[in-house]
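Scroll down for the structure; my scribbles are underneath it.
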Amino acid sequence: MDKAEPVLRVKHLEKWIGERRVLANVSLEVGPGGGLAILGPNGAGKSTLLKVVAGLWSPSAGEVWRFGAPMEDEGRPDPRVNLVGHHSFLYPALSGLENLEIYGRLYQIPRPRERALAALERFGLGWSSRDPVRTYSRGMKQRLTLARAWMCQPQLLLLDEPYVGLDLPGQRLLDDWLEEHRRSGGARLVITHYPEEALRVSDAVAILIRGRLVWWAATSGMSADALTREYSGWLAKGGMAVSVSFG
Ligand code: ADP
Ligand code: MG
């Protein structure tokens, strides 16, 4: 891959699910070390975008390039790409350790058991590594899904609301990993509902409404208030004005 080549390039992506156009003319790029956060209301198409970029769903039109090459339709799972989504595909009857070990073997990671143990320690799950995943709390499952992604050291990280369910120490663990990932030249696409989170994890932010990227900007120097105002403005234009009052 050329050094100057973006890790991810999406060109005029369109995705239809049944009769509905879920994504329309989506174009974006994320370079090495770059992070793009995407804000958007429920049903905007954010998770669909990540699934297409992850290769789980194929585009209806347009192109997805990863590591300087067009993504193949029926491509094999690429260990350089990892999606942390809502459906964690964990085996409930197996332990955390077994889940990670199986995943490590699937992705042909060297010394999968050692990597799995290191990942569990890193995400604070060492103490429960031998418990069946069905006994894990929501936050513990989220930690496990993140540990699984960490184990693969993906160059392209696709995170769908990754902070949901995490306690404060868990959030710190994720922050630390994302910072490390950035420094090592990895690229991130992160979906979040919170402007402050978007600013923390990215250097650019975009707004997706009804399948269209309607706005984007570099986050450098941007305040959470300014981003909240921008986002609220777009929600209002989309007929989804928010009005919050207390007391
Ligand atoms: P977001 O993540 O922004 O909340 P999604 O990408 O999950 O939104 O969904 C966008 C649209 O695509 C919604 O209108 C939803 O109904 C539709 N959609 C998503 N997944 C499916 C599916 N598996 N089958 C049918 N429609 C779907
Ligand atoms: Mg979603």
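The values are calculated or read from the model by the stated rules, or taken from the named source; none is laboratory data. All figures in this text were calculated on a predicted structure; none of them were measured in a lab. Cβ coordinates were reconstructed from backbone atoms using ideal geometry, including for glycine residues, and neighbour counts include every protein chain displayed.
Some values worked out for this structure:
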{"item": "When residues of the stretch 15-45 are limited to those that are within 13 Å of ligand 1 (Cβ to nearest atom) and of a type in the set (D, E, K, R), the one surrounded by the most Cβ atoms within 10 Å (Cβ to Cβ)", "result": "LYS15"}
{"item": "Among residues of the stretch 29-43, those that are in contact with a Leu (Cβ under 8 Å, 6 or more places away or on another chain) and not in a strand (DSSP E or B), counted", "result": "2"}
{"item": "Output for the stretch 52-64, where each listed residue is buried (at least 18 other Cβ atoms within 10 Å of the Cβ), within 13 Å of ligand 1 (Cβ to nearest atom) and of a type outside the set (Val, Ile, Thr)", "result": "ALA54"}
{"item": "Qualifying residue in the stretch 82-96 (condition: part of a helix (DSSP H, G or I), in contact with an Asp or Glu (Cβ under 8 Å, 6 or more places away or on another chain) and touching a residue at least 40 places away in the same chain (Cβ under 8 Å))", "result": "yes"}
{"item": "Contacts under 8 angstrom Cβ, first residue in the stretch 11-27 being at positive phi, partner at pLDDT 95 or above and of a type in the set (Ser, Thr, Tyr), 6 or more apart", "result": "HIS12/SER27"}
{"item": "All positions within the stretch 228-246 that are of a type in the set (A, V, I, L, M, F, W, C), at pLDDT 60 or above and in a loop (DSSP other than H, G, I, E, B)", "result": "MET240, PHE246"}
{"item": "Which listed residue is within 30 Å of LEU106 (Cα to Cα), part of a loop (DSSP other than H, G, I, E, B) and more than 16 Å from ligand 1 (Cβ to nearest atom), from PRO154, PRO162", "result": "PRO154"}
{"item": "Residue within the stretch 86-98 that is surrounded by fewer than 22 Cβ atoms within 10 Å (Cβ to Cβ), more than 16 Å from ligand 2 (Cβ to nearest atom), under 27 Å from ASP175 (Cα atoms) and acidic (Asp, Glu) present", "result": "yes"}
{"item": "All positions within the stretch 44-76 that are assigned to a loop (DSSP other than H, G, I, E, B) and either touching a strand residue (DSSP E or B) at 6+ places or on another chain (Cβ under 9 Å) or in the same structural domain as GLN108 (by TED's automatic domain parsing) (or both)", "result": "ALA44, GLY45, GLY55, LEU56, TRP57, SER58, PRO59, SER60, PHE67, GLY68, MET71"}
{"item": "Top-ranked residue of the stretch 55-65 - restricted to ones that are at pLDDT 95 or above and closer than 26 Å to ILE109 by Cβ, ranked as nearest to ligand 2 (Cβ to nearest atom)", "result": "VAL64"}
